[in-house]
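The values are calculated or read from the model by the stated rules, or taken from the named source; none is laboratory data. Quick caveat: nothing in here was measured; it's all calculated off a predicted structure. For neighbour counting, all protein chains shown are included, and Cβ atoms are generated from backbone atoms with ideal geometry for every residue, glycine included. Heads up: the accessible areas ignore ligands, DNA and RNA and are worked out on the full protein's heavy atoms, side chains in. Shrake-Rupley method; radii C 1.70, N 1.55, O 1.52, S 1.80 Å.
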Amino acid sequence: MKKNNRHFLINYFKPNVFVESIQQIDVLTFKKNNIKLVVCDLDNTLAPHFNKFPINTAINFCKKIKDNGITFILASNNFKKRVSGFAKKLKPDEVIWSCKKPLMYKIKKVIKKYHVKPEEVLFIGDQFLIDIFCANRFGAKSILVFPLTDVKYRIQKNKLLSMIEKKIYEKISLNNIITNSLENQSLDSYEII
């Protein structure tokens, strides 16, 4: 089997960049990379699943995105009650709850209103199988954030999902196709093969 064929499937789960938290993301690099719209996950990306309100770090991060003229969409698989509580504080341009990621119907419908190209869109999330997979299927760029929730909780909640996520991370790390820096680099350098 050819090397490119061997890695083809894993490329759907490959983020452009991996960071420990949103605090490591330099929003100023978005403009350099021609990002006009950000689709951001909520639970375990901006806030742990058990927080009822966003912390200042998340509020400031979202504000910085909007202050730079970039459209900010909060997209969560969680229910309206939880997501709308966060939306009041984060003030995104659009809110999508129960969006059923990795299905793309609701997200595509909202993005279409902004007349942006897929390569001008950036997804930020904490899961390979959901957030990064969505970004790659859409043709967008992506940043994987280390989940804010304790790994033990995630394993108890969904053992199969956690096991698959771990295997994907190991495979991507083993092949050196993950980076942890946005600084002085183009997000384009890590596109799908």
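For this structure, a couple of remarks:
- Residue count, the range 28-40 (criterion: modelled with pLDDT under 95 and open to solvent by 50 Å² or more (accessible area, probe 1.4 Å)): 3
- Exclusive hit being open to solvent by less than 50 Å² (accessible area, probe 1.4 Å), assigned to a helix (DSSP H, G or I) and out of contact with any strand residue (DSSP E or B) (no Cβ under 8 Å at 6 or more places or on another chain), set Ile107, Ile130, Ile111: Ile130
- Residue in the range 38-61 that is touching a residue at least 24 places away in the same chain (Cβ under 8 Å), out of contact with any Gly (no Cβ under 6 Å at 6 or more places or on another chain), under 16 Å from Ala135 (Cβ atoms) and among the β-branched types (Val, Ile, Thr) present: yes
- Count - residues of the range 41-80 that are open to solvent by 30 Å² or more (accessible area, probe 1.4 Å) and under 21 Å from Pro147 (Cβ atoms): 13
- Residue list for the range 45-60, restricted to those being at pLDDT 90 or above and polar (S, T, N, Q): Thr45, Asn56, Thr57, Asn60
- Against the conditions (1) free of Cβ contacts under 8 Å to residues at least 40 places away in the same chain; (2) open to solvent by 50 Å² or more (accessible area, probe 1.4 Å); (3) on the phi < 0 side of the Ramachandran plot, Lys100 satisfies every one except (3).
- Applying the set (1) outside any helix (DSSP H, G or I); (2) open to solvent by less than 70 Å² (accessible area, probe 1.4 Å) to Val83 leaves exactly one unmet item: (1).
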